[in-house]
Amino acid sequence: MRGRTPFAVLVVVLLAAGLLGLLTLNTALNEGSFELSRLQRQTTTATDEQQSLQHQIDQNSAPDALARRAAELGMIPAGGMAFLDLGNGGKVLGKPGPAQDSPPVKRSTAEPWPTKQQPAPSSQPSAPAPTATAGDSVVQINPGAPAPAPTGGAAR
């Protein structure tokens, strides 16, 4: 029996090492599988967001949406258009015309960049106006008298 004991121990050690190797390999594959699942979810989310943004771009670049936005900005359709046919010696194709604006453009009464209310300027020109106060970024400018026009000097 003494001759078989080292062989039996060697076989048990090899089997144990093989089982531990399989367990390690299985664990590594499962970790890779979890990572793959996470990356697939990220890809799906990013693809959905990209498709949503592309849909928004398509909606905003449609001709009716562009025309509506241009009208909101006060733009009007062009009048008659003309084109130069350079291959034909610069011949004018079409009849140019001015753009026609039928309704007046409504202007907003809201201030685009609201500022702090400033006190009304005093009627005393000798009092110096403050240029800036602590914490404010408002600059007040006092206009000076216009410069005298140059008198006709001798030109050489």
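Here are a few things to note about the model shown:
So that you can scan it fast, the table gives a plain yes or no per residue for (1) free of Cβ contacts under 8 Å to residues at least 24 places away in the same chain; (2) aliphatic (A, V, I, L, M); (3) open to solvent by less than 80 Å² (accessible area, probe 1.4 Å); (4) out of contact with any Asp or Glu (no Cβ under 6 Å at 6 or more places or on another chain):
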{"site": "14", "(1), (2), (3), (4)": "yes, yes, no, yes"}
{"site": "18", "(1), (2), (3), (4)": "yes, no, yes, yes"}
{"site": "26", "(1), (2), (3), (4)": "yes, no, no, yes"}
{"site": "37", "(1), (2), (3), (4)": "yes, no, yes, yes"}
{"site": "44", "(1), (2), (3), (4)": "yes, no, yes, yes"}
{"site": "52", "(1), (2), (3), (4)": "yes, no, yes, yes"}
{"site": "58", "(1), (2), (3), (4)": "yes, no, no, yes"}
{"site": "64", "(1), (2), (3), (4)": "yes, no, no, yes"}
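- Scanning segment 66-105 for residues that are assigned to a strand (DSSP E or B) and open to solvent by less than 80 Å² (accessible area, probe 1.4 Å) yields 82, 85, 93, 94.
- Single unsatisfied condition, residue 115 versus (1) open to solvent by 70 Å² or more (accessible area, probe 1.4 Å); (2) among the β-branched types (Val, Ile, Thr); (3) at pLDDT 90 or above: (3)
The values are calculated or read from the model by the stated rules, or taken from the named source; none is laboratory data. Source: prediction; values computed, not measured. Here Cβ is always computed from backbone atoms with ideal geometry, including for glycine, and neighbour counts include all displayed protein chains. The area values use the complete protein model at the heavy-atom level, side chains included, leaving out ligands, DNA and RNA. Shrake-Rupley method; radii C 1.70, N 1.55, O 1.52, S 1.80 Å.
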